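Data block below; observations after.
Every number in this text was worked out from the coordinates using simple rules, so none of it is lab data. All figures in this text were calculated on a predicted structure; none of them were measured in a lab. Here the Cβ positions follow ideal geometry from the backbone for every residue, glycine too, while neighbour counts run over all protein chains shown.
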Amino acid sequence: MTTRGLLILCVLVALLGWFALGSFTYHNPPDALNRLIALAILWLTLLATFLPLVYVVNLRLSESDILPRAARQSALIALFLMLCVWLRMIRALNWANAILMLSLFIMTEVLLSTR
């Protein structure tokens with residue numbers, strides 16, 4: 001599959017994911033299993049949403065190995081946001097936790113990009 005086809009597929013998956021997440025949270029009560037399912041849908045949707053955006057940024061800034069780097073960065077962004085949502089669900093999210101997690105994800109990306 002070409003890069004253009006993959007990016008178009010990501011946009012379609014993102015649109016479908018946002019619709020599925022809204023429909024799922026509207027029609028199901030917020031019990032423990034449904035929250036985990038909603039978080040899984042959220043991660044996939046955020047990944048598909050951020051992949052084209054991060055790809056365009058990396059296309060401008062980088063010269064080689066763009067798609068794997070964009071996929072990794074999109075996965076880290078989606079994981080960070082999903083963890084923030086999960087911590088908010090259990091009422092454990094505060095500024096200190098968010099900044100600490102953000103710094104850990106930034107350090108992870110720096111270490112992975114230098115090798």
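Compute the distance in nm between two label points, each set 7 Å from the Cα along the Cα-to-Cβ direction, one at PHE24 and one at LEU53.
2.0
Could you sort 76-83, 34-41 so that the peptide with the highest average Cβ count within 10 Å comes first and the rest follow in order? Don't jump to the answer; show the numbers that get you there.
On the way: 76-83: 18.1, 34-41: 15.2.
Packing order, densest peptide first, comes out as 76-83, 34-41.
LEU102 versus LEU39, label points 7 Å from Cα toward the beta carbon: distance in nm?
That separation, rounded to one decimal, is 2.1 nm.
Please state the equivalent ellipsoid semi-axes for the chain: what are the square roots of 5 times the Cα gyration tensor eigenvalues, largest first, in whole Å? Numbers along the way, then the final one.
Numbers: eigenvalues 144, 88, 14 Å².
The equivalent ellipsoid of the chain has semi-axes of 27, 21, 8 Å.
Give me the angle, in degrees from 0 to 90, between the Cα long axis of helix 32-61 and the longest principal axis of the Cα atoms of the chain, rounded to the nearest 10.
Taking Cα atoms only, the helix is inclined about 20 degrees.
Would you mind working out the magnitude of the charge dipole of segment 3-114 relative to its Cα centre, with +1 at each Lys and Arg C-beta and -1 at each Asp and Glu C-beta, to the nearest 20 Debye?
So the magnitude is around 120 debye.
Which peptide among 1-12, 48-59 comes first, and what is the full order, when sorted by highest mean count of other Cβ atoms within 10 Å?
Highest-to-lowest ranking by the protection proxy: 48-59, 1-12.
Compute the distance in nm between two label points, each set 7 Å from the Cα along the Cα-to-Cβ direction, one at ALA32 and one at THR3.
Simple spin-label model gives 4.5 nm for this pair.
Compute the long axis of helix 66-89 from its Cα atoms, compare it with the longest principal axis of the Cα atoms of the chain, and write down the angle in degrees, 0 to 90, nearest 10.
20
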